[in-house]
Amino acid sequence: MNNRLLSLTLIGLTVLTTSFNTLEDKNVFDVIVIDAGHGGHDPGCNGGSSKEKDVTLSIALKLGKLISDSLKDVKVIYTRNIDKFIELSERSNIANKNNADLFISIHCNANDNKDANGTETYLMGLHKMEGNLEVSKRENNVILLEKDYKSNKSYDGYDPNSPAAHIIFSLMQNAFRAQSIKFAGFVESEFKTKSALKSRGVKEAGFLVLWKTAMPGVLVETGFLSNEGDRKTLSKDSGQAVMAHAIFNAVKKYKTAVTSK
């Protein structure tokens, strides 16, 4: 095992140990961090005149308002609430330093196949399908826009092109796997009933933004901006509101499940 992989492994085990010690059967849900993907000089994927960074921010703000208005005992924290570039490592740092009980990263998908459509909700894990690996690589490549990512100790020498780095991700969130699966299931169930977009289900892959979050968390792909039908929904304020409301309903269900133990 090379030094970089050994370092990643030890970090993963440390995160797992800390996670089990700090969240063991905790039935509190009072802080949620909402992460609008991309931002600033990182537009994310584009479809027509729609930019991922704008769609994700709109959905994130709508979701946060729904939570703040209806769940008064839950504090909402945004990784960004304006069009601003936030490093991937800082997004998880924000969640960790605020002791969040749930982390939601909101994104839009893209594919060379313009017929690909629908929502997907990811939790941290192995790339069990080649398509999942490609999605995570596309999102993780944002790291290349960070000037100092090679010297940023938060990434521990992570190389977005290294197969070993992707595989080791599977260690990082096992402590919260059950909770993340539960919430991801709620999200996709709500998309099926509340949205006109097709649900592609719950999946797992190695996303940098979820890597060091010490709480349950998911990355939500709200649809494909490369698909005309999905884009029409996601580019409209009304469509963004539907997506936000579906995720909000999932948050309510998850909160009930967690606090009723």
Counting only helices (runs of 4 or more DSSP H) wholly inside the range 1-109, the ones holding at least 1 residues that are modelled with pLDDT under 95, over 19 Å from the mean Cα position of the chain (by Cα) and surrounded by 18 or more Cβ atoms within 10 Å (Cβ to Cβ) are 3-23
Filter result for residue 123 (hydrophobic (A, V, I, L, M, F, W, C) and modelled with pLDDT under 95) = yes
Conditions: (1) under 30 Å from residue 73 (Cβ atoms); (2) crowded, with 18+ Cβ neighbours inside 10 Å. Residue 245 meets all but one. Number of the miss?
-> (2)
Based on what the data block shows, is residue 125 more than 18 Å from residue 215 (Cβ to Cβ) and either crowded, with 24+ Cβ neighbours inside 10 Å or not hydrophobic (A, V, I, L, M, F, W, C) (or both)?
-> no
Out of all the residues in the range 234-261, which are modelled with pLDDT under 95 and either over 20 Å from residue 179 (Cβ atoms) or under 20 Å from the mean Cα position of the chain (by Cα) (or both)?
-> 258
Pairs with Cβ under 7 Å, 6+ apart, first in the range 178-201 and of a type in the set (Asp, Glu), second part of a loop (DSSP other than H, G, I, E, B) | none
Considering residues of the range 207-233 that are in a helix (DSSP H, G or I), at pLDDT below 95 and out of contact with any helix residue (DSSP H, G or I) (no Cβ under 6 Å at 6 or more places or on another chain) only, the residue nearest to residue 44 (Cα to Cα) = 210
Return yes when residue 187 is modelled with pLDDT of 85 or more, under 30 Å from residue 259 (Cβ atoms), assigned to a helix (DSSP H, G or I) and aliphatic (A, V, I, L, M) and no when it is not.
-> yes
Which residues, taken from the range 56-80, are among the hydroxyl-bearing types (Ser, Thr, Tyr) and free of Cβ contacts under 8 Å to residues at least 60 places away in the same chain?
-> 68, 78, 79
Residue selected from the range 190-199 under the condition among the basic types (Lys, Arg) and in a helix (DSSP H, G or I), by the criterion surrounded by the most Cβ atoms within 10 Å (Cβ to Cβ) = 194
Filter the range 221-236 down to residues that are surrounded by fewer than 23 Cβ atoms within 10 Å (Cβ to Cβ), farther than 9 Å from residue 116 by Cα and of a type in the set (Ser, Thr, Tyr), then give me how many there are.
-> 2
Check 202, 218, 209 and return the single one that is crowded, with 23+ Cβ neighbours inside 10 Å and within 18 Å of residue 248 (Cα to Cα).
-> 218
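The values are calculated or read from the model by the stated rules, or taken from the named source; none is laboratory data. Not measured: the values here are computed from a predicted model. Note that we place each Cβ from the backbone using ideal geometry, even for glycine, and neighbour counts take in every protein chain shown.
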